[in-house]
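Engineer: Dropping the structure in here first, questions after.
The values are calculated or read from the model by the stated rules, or taken from the named source; none is laboratory data. Remember, it's a predicted structure, so these values are computed and weren't measured experimentally. Using ideal geometry, Cβ is built from the backbone for each residue, glycine included, and neighbour counts are taken over all protein chains shown.
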Amino acid sequence: MAPTSEVTAEVCVHVCVTCKADNVGQDGACEDDAERPGQRFGLALKAARAAGDADWLDIQEVNCLASCERGCAAAISMAGKWSYLLGRLSAAKADDFLTYARTYRASKTGLVLPSKRPASLHDAVLGRMPSLLPAPEPSHEH
């Protein structure tokens, strides 16, 4: 049997794909046929992941992150670390978000200080939540 190379994502990003953010017309109605900002951000983030050797990043679509006034929004999480909700995102910020995700991944607690964030994400953090999953136990090989 040939060996398999199974990729295990360490960091998970949930991208809201229902946000109407900049697809609202003058009458307040959403242009439903238009691709939504979260969909565009998700596609751009997947492209950035592929170009940036970031197979450790899992990108999942979700229907709502309850951040409609600050959309598009995404949540980032990893076992044993704080989870963060970021808003005011766009496809143009996908590369910067990937940079943020790299710093998040390298951080012991998940904290990415404002001075360590890309400039385009200086005001993106909307909130944080404690990790729901414990940090993985270190292996004790003898």
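Engineer: Of everything in the stretch 63-93, what is over 18 Å from Thr109 (Cβ atoms), buried (at least 21 other Cβ atoms within 10 Å of the Cβ) and not aliphatic (A, V, I, L, M)? Give them in sequence order. Outline the logic, then answer.
Structural biologist: Taking the stretch 63-93 first, the residues over 18 Å from Thr109 (Cβ atoms) are 63-74, 87-93.
Checking which are buried (at least 21 other Cβ atoms within 10 Å of the Cβ) leaves us with 65, 67, 71-74, 87, 89, 93.
Matches in the stretch 63-93: Ser67, Gly71, Cys72, Gly87, Lys93.
Engineer: Against the definition (in a helix (DSSP H, G or I), modelled with pLDDT of 95 or more and either out of contact with any Leu (no Cβ under 7 Å at 6 or more places or on another chain) or closer than 14 Å to Cys12 by Cα (or both)), how does Tyr104 come out, yes or no?
Structural biologist: Details: in a helix (DSSP H, G or I): yes; modelled with pLDDT of 95 or more: yes; either out of contact with any Leu (no Cβ under 7 Å at 6 or more places or on another chain) or closer than 14 Å to Cys12 by Cα (or both): yes.
It is true that Tyr104 is in a helix (DSSP H, G or I), modelled with pLDDT of 95 or more and either out of contact with any Leu (no Cβ under 7 Å at 6 or more places or on another chain) or closer than 14 Å to Cys12 by Cα (or both).
Engineer: Checking Gln60 against (1) buried (at least 20 other Cβ atoms within 10 Å of the Cβ); (2) modelled with pLDDT of 95 or more; (3) touching a Cys at 6+ places or on another chain (Cβ under 8 Å), which single condition isn't satisfied?
Structural biologist: (1)
Engineer: Here is a further query. Any residue at all in the stretch 94-117 that is under 13 Å from the mean Cα position of the chain (by Cα), buried (at least 17 other Cβ atoms within 10 Å of the Cβ), more than 17 Å from Trp56 (Cα to Cα) and touching a residue at least 24 places away in the same chain (Cβ under 8 Å)?
Structural biologist: no
Engineer: Can you name every residue in the stretch 39-86 that is closer than 10 Å to Cys19 by Cα, without any contact (Cβ under 8 Å) to a residue 40 or more places away in the chain and in contact with a strand residue (DSSP E or B) (Cβ under 9 Å, 6 or more places away or on another chain)?
Structural biologist: Scanning the stretch 39-86 gives Gln39, Ala66.
Engineer: Additional query: Is one or more of the residues making up the stretch 118-127 over 18 Å from Val11 (Cβ atoms), among the charged types (D, E, K, R) and assigned to a loop (DSSP other than H, G, I, E, B)?
Structural biologist: Yes, there is a match, as at least one residue in the stretch 118-127 is over 18 Å from Val11 (Cβ atoms), among the charged types (D, E, K, R) and assigned to a loop (DSSP other than H, G, I, E, B).
Engineer: Let me ask something else about it. Given the options Ala79, Ala75, Ala54, name the one that is closer than 19 Å to Ser131 by Cα and more than 12 Å from the chain's Cα centre (by Cα).
Structural biologist: Details: Ala75 fails: more than 12 Å from the chain's Cα centre (by Cα); Ala54 fails: closer than 19 Å to Ser131 by Cα.
So the residue among Ala79, Ala75, Ala54 that is closer than 19 Å to Ser131 by Cα and more than 12 Å from the chain's Cα centre (by Cα) is Ala79.
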